[in-house]
Every structure is written in C-alpha cells, then in structure tokens.
Amino acid sequence: MTAGYTYLWEFMVEPAQFEEFQRQYGPAGPWIALFRRAPGYLDTRLLRDRANPRRFITIDRWTSAEAHRSFRSAFARDTRSSTRAARA
C-alpha cells in the first residue's frame with residue numbers, strides 16, 4: 001500500500017450559503033473538476049459535522065505531497081479564480 005498524501009480544509013459556512021457551498025465543493029463542483037486536471041489527484045470527500053452543521057471538512061487525497069505541491073504551483077491562477085468565485 002502506498003502512503004499517499006491527504007490535505008484537509010475546514011470551513012465554517014453561513015446557513016444561507018449551505019447549498020452554494022456544497023455545489024462548489026461537492027463531487028460535481030468546480031473545485032473537483034479543477035483537481036481532476038492535475039496528475040496525482042485521487043479524490044475528495046466533503047463531510048459535514050453532525051454536532052455543528054455550519055462546519056464542513058474537505059479531505060483531498062493525492063498520490064504524494066509532491067503531486068499536491070505541483071498542482072498548487074501549476075494551477076495557482078486557477079485556484080485563485082475559483083476561490084474568488086466561491087466567495088462571491
């Protein structure tokens with residue numbers, strides 16, 4: 001079994017933004033579409049905290065830390081654009 005690399009993000013989302021947040025970061029959203037363009041991307045899970053429904057966690061899995069670093073470098077402009085779009 002290969003070790004791989006996992007990157008976690010935590011988000012606190014306002015109730016009025018739940019639907020849009022899940023569209024942006026869910027399995028058919030633009031973030032996942034962007035990740036899929038990168039070599040070494042495996043998958044992403046979007047989880048919601050049962051105790052605090054405003055809290056979401058994304059778990060991004062990569063083949064290696066280097067694959068993740070390469071993605072961040074190669075797609076820096078795209079990630080900035082996607083971040084701005086998600087916050088709009």
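The values are calculated or read from the model by the stated rules, or taken from the named source; none is laboratory data. These numbers come from a predicted model, not from an experiment. When we count neighbours, we look across all protein chains shown, and the Cβ atoms used for this are built from the backbone with ideal geometry, even at glycine.
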Original post:
What tally of residues in region 53-67 results from selecting those that are out of contact with any Ser or Thr (no Cβ under 9 Å at 6 or more places or on another chain), farther than 29 Å from PRO15 by Cα and either in a strand (DSSP E or B) or of a type outside the set (A, V, I, L, M) (or both)?
Top reply: 1
Original post:
How about region 11-29: which of its residues are assigned to a strand (DSSP E or B) and surrounded by 10 or more Cβ atoms within 10 Å (Cβ to Cβ)?
Top reply: PHE11
Original post:
Can you tell me how many residues in region 33-52 are under 26 Å from GLU14 (Cα atoms) and either assigned to a strand (DSSP E or B) or charged (D, E, K, R) (or both)?
Top reply: 8
Subject >> Looking only at region 30-62, and only at residues there that are among the small types (Gly, Ala, Ser) and surrounded by 16 or more Cβ atoms within 10 Å (Cβ to Cβ), the one that is farthest from PHE75 (Cα to Cα) >> reply: GLY40
Subject >> Selected residue (criterion: surrounded by the fewest Cβ atoms within 10 Å (Cβ to Cβ)) from residues of region 68-88 that are at pLDDT 85 or above and either assigned to a helix (DSSP H, G or I) or among the acidic types (Asp, Glu) (or both) >> reply: SER73
Original post:
Name the pairs: first residue in region 61-77 and closer than 13 Å to TYR5 by Cα, second residue of a type in the set (Val, Ile, Thr) and surrounded by 12 or more Cβ atoms within 10 Å (Cβ to Cβ), Cβ to Cβ under 8 Å, at least 6 apart or on different chains?
Top reply: ARG61/THR6; ARG61/THR44; TRP62/THR6
